[in-house]
1. Please find, in a Gaussian network model of the chain (springs between Cα atoms separated by less than 10 Å), the residue of D303, D226, D117 whose mean-square fluctuation is greatest.
2. Dimensions of the stretch 124-260 along principal axes (Cα, Å, largest first)?
3. By the scheme Lys and Arg +1, Asp and Glu -1, what is the net charge of all other residues having a beta-carbon under 9 Å from that of F218?
4. Rounded, prolate or oblate: pick one for the stretch 1-97, where a ≥ b ≥ c are the square roots of the eigenvalues of its C-alpha gyration tensor, a/c under 1.5 means rounded, and failing that, prolate if a/b is larger than b/c, else oblate.
5. Of the chymotrypsin sites (Phe, Trp or Tyr not before Pro) in the stretch 1-99, which ones lie in a loop per DSSP and count no more than 12 other C-beta atoms within 10 Å?
6. Within the chain, which is the longest segment containing none of the trypsin sites (Lys or Arg not before Pro) that sit in a DSSP loop and have at most 16 other Cβ atoms within 10 Å?
7. Using unit Cβ charges (K, R positive; D, E negative) and no other charged atoms, how large, in debye to the nearest 20, is the dipole of the stretch 135-252 about its Cα centre?
8. Under the definition of Cα pairs under 8 Å and six or more residues apart, what whole-number percent is the relative contact order of the stretch 130-200?
Amino acid sequence: MVTGGAGFLGSHLCERLLRDGHDVLSVDNYFTGRRENIAHLLGNTRFEAMRHDITFPLYVEVDEIYNLACPASPIHYQFDPVQTTKTSVVGAINVLGIARRVKAKVFQASTSEVYGDPTVHPQTEDYRGNVNPIGPRACYDEGKRCAETLFFDYHRQHKLRIKVVRIFNTYGPRMHPNDGRVVSNFIVQALLGDEISLYGTGAQTRAFCYVDDLIDGFIRMMDTGDEVTGPINLGNPVELTVRELAEQVIRLTGSRSRIIYQPLPADDPQQRRPDISLAAATLGWQPSVALEQGLTRTIAYFDKLLRETGRAVITNVAI
Ligand code: NAD
Ligand code: UDP
């Protein structure tokens, strides 16, 4: 079972699991996921898509659970912050309940946001973070932190087999064209010839992982022995400023868009880069797709989408 199976990461994961010979059940309420993301899988008899909100109980028989259900982009998770916390916390309780009942292995898509605006750089798994518990990002950050707590309590209390990964900024085809995350924003703006919205001075840093690399890390994590619980960081350690990203997108799209400066959102982390030594040692994992290569593939995806649907695709969204 993949919760959030119709989302950006979830749809790539479902595809990979089917390719590896698994039967796959996607559970999604389509809040930020799109049916188009999984439409090509529906003809496969080993694939099933269920519409369900994970904050409500669910009874299914499965042997492995990947819990990805949760809006991931700041504008989406701040749209209904109470629902975001519920999805992370009540969703985790429901998913852990299923895992306990059917004795399934259960994987949690946690996030680098558990480190908040980090004072330790790069971030290692033993860093406990610098999160503002009452800010606009807290519904997501604290929700995900509480979900980690629940996973480890179920592990200690009920001997559940858990796999927790902390995902750093990941990008690629099937990101929602209007989800407000930086890679999709910049590419769509550049392709449409619109102004590129750089928040703050653009000196804040991120490190971007291509989706295929990340999904490979998920599969390796799920395949580890029961003693491996995580948390393990998964991300690409090549760090750059957001301004450098904007310049790179402009170059790769050949766009004439110009950069405009907009206010930095509250609590926007100033720097972020994963230390992935634990993933390398435990999973034998490291990313292999360079930023330029990944951006080129992502640009091709958005270019095709915009040609097919026009500007409407960025305005016709659920929220
Ligand atoms: P996404 O928004 O594309 O996918 C999330 C999916 O969850 C969507 O299909 C959405 O409809 C579904 N969903 C939301 N609330 C739900 C609910 N209550 N019940 C059922 N389904 C629900 O985002 P994504 O980038 O694919 O992220 C997937 C997971 O990975 C999330 O848990 C996110 O926190 C985590 N993550 C992603 C990144 C990243 O860079 N992409 C980084 C860190 C963590
Ligand atoms: N950002 C930006 N312009 C945009 C969207 C985002 O400059 O149109 C910046 C944002 O302020 C942050 C970084 O890009 O510093 C990454 O933002 P994103 O929302 O993708 O993810 P985050 O890592 O903040 O969750």
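1. Most flexible of the set in this elastic network: D226.
2. Extents along the principal axes, in whole Å: 57, 35, 24.
3. +2
4. oblate
5. Hits after loop and neighbour filter: Y59.
6. 160-255
7. So the dipole magnitude of the stretch 135-252 works out to roughly 280 debye.
8. RCO, the stretch 130-200: 13 percent.
Any read-out appearing in this document is the output of simple, stated calculations on the displayed coordinates, not a laboratory observation. This one's a predicted model, so the numbers in the text were calculated from it and none came from an experiment. Counting neighbours? That spans all protein chains shown, and the Cβs are built from the backbone with ideal geometry, glycine included.
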